[in-house]
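Coordinate-derived values only; no laboratory data. Nothing here was measured: the structure is a model prediction, and the numbers come from that model. Every residue, glycine among them, receives a Cβ derived from its backbone with ideal geometry; neighbour counts consider all protein chains shown.
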Amino acid sequence: MNEIEQLRLQITKVDSDIIELIAKRQDLAKKIGQYKKKNNMQVYDRTREALLREFHDNVCSEHKVSATMVARIFEILIEESRKVQNDE
């Protein structure tokens, strides 16, 4: 196996790990949705989302990753989490 094939295998593994982590995140969002419903809480939490954006920016800075790219990814993840929570 040549170098590019090895690197591509590593990317495939990382992609699999990312998908697994997304599934775990969605499961946690579902549990949060159940909690919010039980406690008559709103799904949308502006303060929490602002704190998450700040956290993501800090982690991006630590790892030298584009904060713009990560913000776009998390915009989708948070939107999907809200959908899951609304379904609970």
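Its Cα centre serving as origin, the range 3-87 has a Cβ charge dipole (Lys and Arg +1, Asp and Glu -1) of approximately 560 debye. Working note: Karplus 6.51/-1.76/1.60 with θ = phi - 60° gives the range 26-36 the couplings 5, 5, 5, 4, 4, 5, 5, x, 5, 4, 4 Hz, where Gly and Pro are set to x. Against the chain, whose longest principal axis is taken from its Cα atoms, helix 67-87 shows a tilt of about 40°. Across the chain, C-alpha contacts under 8 Å between residues 6 or more apart give a mean separation that, scaled by the residue count, equals a relative contact order of 44 percent.
As a proxy for reagent exposure, MET69, MET41, MET1 were ordered by neighbouring Cβ count within 10 angstrom, fewest first; the result is MET1, MET69, MET41. Computed from the Cβ-Cβ distance with R0 of 25 Å, the FRET efficiency linking ASP17 to ARG82 stands at 0.55.
Ranking ILE18, GLN6, GLN42 by Cα position along the charge dipole of the chain, where only Lys, Arg, Asp and Glu carry charges on their C-beta atoms, puts GLN42 farthest toward the positive end. Working note: Karplus 6.51/-1.76/1.60 with θ = phi - 60° gives the range 52-66 the couplings 5, 4, 5, 4, 4, 4, 5, 5, 4, 4, 4, 9, 6, 10, 4 Hz, where Gly and Pro are set to x. In the chain, a dipole from Cβ-located charges (positive for Lys and Arg, negative for Asp and Glu) runs towards its positive end, and of LEU52, VAL65, ASN86 it is ASN86 whose Cα lies farthest in that direction. With q set to 0.13, 0.19, 0.22 Å⁻¹, the log10 of I(q)/I(0) for the range 3-87, from the Debye formula over equal scatterers at the Cα positions, is -0.54, -0.96, -1.13.
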